[in-house]
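A short worksheet on the structure shown next.
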Amino acid sequence: MEQNRNERQREGMARFGIRNERAFGIAIPALRQAAKPWRGRHDVALALWNTGWHEARVLAGMIADPLRLTPEQMDDWTAAFDSWNVCDQCCGNLFWRVPFVREAVGRYAADGREYVRRTGFVLMAALAVHDRTVTAGEAAEWLRLIVRYAGDGRNFVRKAVNWALRQIGKRSMAFREMALETAQALAASEEKTARWIGRDAVRELTSEKTLALLRRPSPRLTGCGRLGHRRPFA
């Protein structure tokens, strides 16, 4: 990583709200390439995480074994998040795959810490995109959490809440009906943050692009890492 340090990219990270004090400025595609021969090496993932370097922690989430990650390790990593993209990369590459993720979603969403709460809602988005076993009952519970925390005006929370709402609604026509009802209720809220979340979600869930996607006979779940989203971070 030191040999591939990119000062220009490291400085640019700050423009996207990414802390760069302990960063090398290495792009995500390069990290994905570097991760390939190490996937499943949980010991290496833990060692990388413990260095505290930004890219090392992103890489740790790419190579860790979801069947060997313990609830305590997941909680420790989540508590240490200090950047939206480390949070999102760990959720999109690792956390949604762990067998105990369902229990963590609501607990993280209810946590008052900014990046822990963000983790809960990013996991909703990741599961809505990737996990075909998500039930309507689970989605309904997530929508209730979205309503409960839609007033959290912190930037990286509100955008994660919005992201979760949109991704739940884009899973299927049935899920869209539930999510759109929630979005419309939020759009009518007197609370500024909730109103923004709702209006933005209504706009996407009623767009022709979204409707065309959902009308396909077998909608394809989008790929890991990107989670099929518009950039929610700026």
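Return the residues of the stretch 3-25 that are closer than 21 Å to THR51 by Cβ and either of a type in the set (S, T, N, Q) or open to solvent by less than 30 Å² (accessible area, probe 1.4 Å) (or both); say none if nothing qualifies. Those that are closer than 21 Å to THR51 by Cβ and either of a type in the set (S, T, N, Q) or open to solvent by less than 30 Å² (accessible area, probe 1.4 Å) (or both): GLN3, ASN4, ASN6, GLN9, MET13, ILE18, ASN20, ALA23, PHE24, GLY25. Reported count of residues in the stretch 47-74, each being of a type outside the set (Ser, Thr, Tyr) and surrounded by fewer than 16 Cβ atoms within 10 Å (Cβ to Cβ), is 8. When the test is whether a residue is assigned to a loop (DSSP other than H, G, I, E, B) and small (Gly, Ala, Ser), GLY25 passes it.
In summary, MET178 fulfils each of the numbered conditions (1) closer than 17 Å to VAL105 by Cβ; (2) open to solvent by less than 40 Å² (accessible area, probe 1.4 Å) with the single exception of condition (2). Among the residues of the stretch 123-150, those identified as under 20 Å from ARG203 (Cβ atoms), out of contact with any Gly (no Cβ under 7 Å at 6 or more places or on another chain) and either open to solvent by 20 Å² or more (accessible area, probe 1.4 Å) or touching a residue at least 60 places away in the same chain (Cβ under 8 Å) (or both) are ALA125, VAL147.
The selection criterion, being crowded, with 18+ Cβ neighbours inside 10 Å, over 19 Å from TYR108 (Cα atoms) and without any contact (Cβ under 8 Å) to a residue 40 or more places away in the chain, does not hold for ARG158. Determine, yes or no, whether TYR108 is hydroxyl-bearing (Ser, Thr, Tyr) and in contact with a Gly (Cβ under 6 Å, 6 or more places away or on another chain). Considered against the rule, which asks whether it is hydroxyl-bearing (Ser, Thr, Tyr) and in contact with a Gly (Cβ under 6 Å, 6 or more places away or on another chain), TYR108 comes out as yes. If you filter the stretch 85-118 down to residues that are in contact (Cβ under 8 Å) with a residue 24 or more places away in the chain and over 23 Å from VAL134 (Cβ atoms), you find that the one that is most open to solvent (accessible area, probe 1.4 Å) is ARG113.
In the stretch 61-72, the residues that are more than 15 Å from CYS87 (Cβ to Cβ) reach residues that are open to solvent by 50 Å² or more (accessible area, probe 1.4 Å) and part of a loop (DSSP other than H, G, I, E, B) with C-beta atoms within less than 9 angstrom, at least six apart or across chains, in these pairs: ILE63/ARG39; ILE63/ARG41; ASP65/ARG39; ASP65/ARG41; PRO66/PRO99; LEU67/PRO99.
Among the residues examined, GLY17 qualifies as touching a residue at least 60 places away in the same chain (Cβ under 8 Å), small (Gly, Ala, Ser) and either under 28 Å from ASN155 (Cβ atoms) or out of contact with any Cys (no Cβ under 6 Å at 6 or more places or on another chain) (or both).
The values are calculated or read from the model by the stated rules, or taken from the named source; none is laboratory data. Keep in mind it's a predicted model, so treat the numbers as computed, not measured. Cβ: placed from backbone, ideal geometry, glycine included. Neighbour counts: every protein chain shown. Areas reflect the complete protein model, heavy atoms only, side chains present, ligands, DNA and RNA absent. Shrake-Rupley method; radii C 1.70, N 1.55, O 1.52, S 1.80 Å.
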